[in-house]
Amino acid sequence: MMNSEIELMKRRAEAFLKNAEDLISKGFYDLAAFNIHHFVELYLLTGDYPKTHSIKKLLRDFGAVLEASEEIRKFVEEQIDRIGNLEVAYITSRYLPVEFERREVENMFETAKKIRKVVDELCLKRG
């Protein structure tokens, strides 16, 4: 993927995160959860298009590409519950009449920012 395409994907991802923040402030937690999942998915897809919505798999694939599998494994292990909640949010916010509480979505939002930080740091480290 070309740099301009990567930047476009990152801009789209950031727009989903910003939208999630706005939705949280308005109390639309289910839609915020959906947007947070899309942020993480797009952020991890910059450079590749695997056929999955699993954030755990996308993170592990990302780690393998950058030869940072152990760092990603540790991160996923530390954040497994929150990452799992993001994956559940993707399915439930689209297909099931489930509502999220503000604190749940705030945790998802914080996890998304942690994922962005890990991705950015590994990209910088690997050049």
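Just so it is clear, none of the values below were taken in a lab; they were calculated from the coordinates. As the structure is a prediction and not an experimental result, all values here were calculated from the model. Counting neighbours? That spans all protein chains shown, and the Cβs are built from the backbone with ideal geometry, glycine included.
See the values below:
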item: Three-way shape label, region 1-76, alpha-carbon gyration tensor, a/c 1.5; result: oblate
item: Virtual paramagnetic centre 7 Å along Cα→Cβ of Leu96, amide N under 19 Å, in region 11-48; result: 29-38
item: Leading residue at positive end of dipole, the chain (Cβ point charges), from Ile83, Val105, Phe39; result: Phe39
item: Degrees, to the nearest 10: 102-126 long Cα axis against longest axis of the chain; result: 10 degrees
item: Spacing of the two label points (7 Å from each Cα toward its C-beta) at Glu106 and Ser54, in nm; result: 3.2 nm
item: Descending semi-axes in Å of region 3-126, equivalent ellipsoid built from Cα gyration tensor; result: 24, 16, 13
item: Length released on extending from Asp22 to Asn3, taking residue separation times 0.36 nm less the Cα-Cα span; result: 4.0 nm
item: Hz values of 3J(HN,Hα) by residue in region 17-33 - Karplus curve (6.51, -1.76, 1.60), Gly and Pro given as x; result: 5, 4, 4, 4, 4, 5, 5, 4, 5, 8, x, 8, 5, 5, 5, 5, 4
item: Under 28 Å from the Cα of Lys125 - lysines, other chains or at least 8 residues apart; result: Lys10, Lys18, Lys51, Lys56, Lys57, Lys74, Lys113, Lys114, Lys117
item: Cα-centred dipole magnitude for the chain, charges only on beta-carbon of K, R (+1) and D, E (-1), debye, nearest 20; result: 140 debye
